[in-house]
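Written below as structure tokens is the structure these notes are about.
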Amino acid sequence: MSHRSNAKTVLRAFAGAAALAVTMTYGGLSAGLLADPLTEKNTPSAATMEGVLKGMWTEVKSGWEDRLVQDATQKTCSQYRNDPPAAEANAIVERETATILMPADGNVLGDWKQGEKIASSGRGGQFSDPPNTENGGNCYACHQLSKTELSYGTLGPSLTNFGKDREFNLEAAKAAYAKIYNAQSVNACSNMPRFGAHKFLTEQQIKDVVAFLFDKDSPVNK
């Protein structure tokens with residue numbers, strides 16, 4: 001047997017063992033579900049999903065217990081696999097829109113240079129972060145922003161020329177603030193975090209990120 005064939009055999013054995021381990025670990029989920037997660041008859045119950053989630057986090061940091069409990073929107077999105085029917089989607093948008101708190105001074109534009117730092121930072125909210133670590137937006141994980149940045153994700157759309165394409169319109173900036181605050185107020189079951197609603201970013205931080213998107217001097221618009 002060649003080295004290449006032997007390597008393939010080892011990989012197949014490893015893959016089989018890994019699949020068996022997953023099946024054994026999550027005994028509440030059938031093998032059929034793991035093989036075909038889109039088969040409706042194998043959709044796990046809410047109780048099963050809750051059990052799996054909590055089973056993955058057996059040592060929860062003090063004060064983080066509530067993070068393992070889904071809110072109404074998360075439960076609906078899980079139930080419909082992020083594709084809820086129109087009535088449920090409308091209910092999500094209405095509910096999440098009600099959480100948005102716009103700045104009392106009416107100003108949604110902060111310091112774009114600070115916004116650039118926030119967009120580039122993935123720190124905060126991790127078990128390994130020291131106390132009082134400032135949260136970052138980690139925007140580049142999903143979006144292209146500055147054209148000079150070579151590393152960015154593609155889960156979300158490119159945001160290059162974001163402000164320029166909208167003619168630096170103030171109402172468009174306010175809409176961007178609202179979406180960053182709570183993306184599910186715009187798109188039900190959005191993959192984008194609810195930064196403001198969950199108090200992960202402060203009002204000033206969201207203003208700074210909006211400025212990064214809209215300021216004429218920002219590299220986003222160059």
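The values are calculated or read from the model by the stated rules, or taken from the named source; none is laboratory data. Please read these numbers as outputs of a predicted model, since none were measured by experiment. Glycine gets a Cβ as well: all are built from the backbone with ideal geometry, and neighbour counts include every protein chain shown. All accessible areas refer to the heavy atoms of the entire protein, side chains included, with ligands and DNA or RNA removed. Shrake-Rupley method; radii C 1.70, N 1.55, O 1.52, S 1.80 Å.
General remarks:
- Positions within segment 99-115 being surrounded by 13 or more Cβ atoms within 10 Å (Cβ to Cβ) and within 14 Å of ILE206 (Cβ to Cβ), in sequence order: THR99, ILE100, MET102, PRO103, ASN107, VAL108, LEU109, GLY110, ASP111, TRP112, GLN114, GLY115
- Selection from segment 107-125 of residues that are in a helix (DSSP H, G or I) and either within 8 Å of ALA211 (Cβ to Cβ) or of a type outside the set (Val, Ile, Thr) (or both): TRP112, LYS113, GLN114, GLY115, GLU116, LYS117, ALA119, SER120
- Filtered by the rule that a residue be open to solvent by 50 Å² or more (accessible area, probe 1.4 Å) and closer than 30 Å to LYS75 by Cα, segment 171-191 gives LYS174, ALA175, LYS179, VAL186, ASN187, ASN191.
Here's the yes/no breakdown for (1) under 20 Å from ALA197 (Cα atoms); (2) in a helix (DSSP H, G or I); (3) touching a strand residue (DSSP E or B) at 6+ places or on another chain (Cβ under 8 Å):
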| site | (1), (2), (3) |
| --- | --- |
| ALA47 | no, yes, no |
| LEU53 | no, yes, no |
| THR58 | no, no, no |
| SER62 | no, no, no |
| ARG67 | yes, yes, no |
| CYS77 | yes, yes, no |
| ASN82 | yes, no, no |
| ILE92 | yes, yes, no |
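- Scanning segment 181-222 for residues that are in contact with a Lys or Arg (Cβ under 9 Å, 6 or more places away or on another chain) and closer than 19 Å to GLU134 by Cβ yields TYR181, PHE200, ASP208, VAL210, ALA211, PHE212.
- Pairs, first closer than 14 Å to ASN221 by Cβ in segment 103-119, second aromatic (Phe, Trp, Tyr) and open to solvent by less than 30 Å² (accessible area, probe 1.4 Å), C-beta under 6 Å, six or more apart: TRP112/PHE212; GLY115/PHE212; GLU116/PHE212; ALA119/PHE212
- Residue match in segment 61-80 (condition: open to solvent by 90 Å² or more (accessible area, probe 1.4 Å), hydroxyl-bearing (Ser, Thr, Tyr), modelled with pLDDT of 75 or more and farther than 30 Å from VAL186 by Cβ): yes
- Contact map, segment 131-144: residues that are touching a residue at least 60 places away in the same chain (Cβ under 8 Å) and closer than 21 Å to TRP64 by Cβ paired with residues that are open to solvent by 50 Å² or more (accessible area, probe 1.4 Å) and among the aromatic types (Phe, Trp, Tyr), Cβ distance under 7 Å, separation 6+ or inter-chain. Pairs shown: ASN135/PHE200.
- When every residue of segment 116-135 is checked against the conditions, at least one turns out to be at positive phi and among the small types (Gly, Ala, Ser).
- Filtered by the rule that a residue be basic (Lys, Arg) and in contact (Cβ under 8 Å) with a residue 40 or more places away in the chain, segment 145-196 gives LYS147, LYS164, ARG166, LYS174, ARG194.
- Restricting segment 143-170 to residues that are over 16 Å from VAL210 (Cα atoms) and touching a Pro at 6+ places or on another chain (Cβ under 9 Å) leaves a set whose member that is surrounded by the fewest Cβ atoms within 10 Å (Cβ to Cβ) is THR148.
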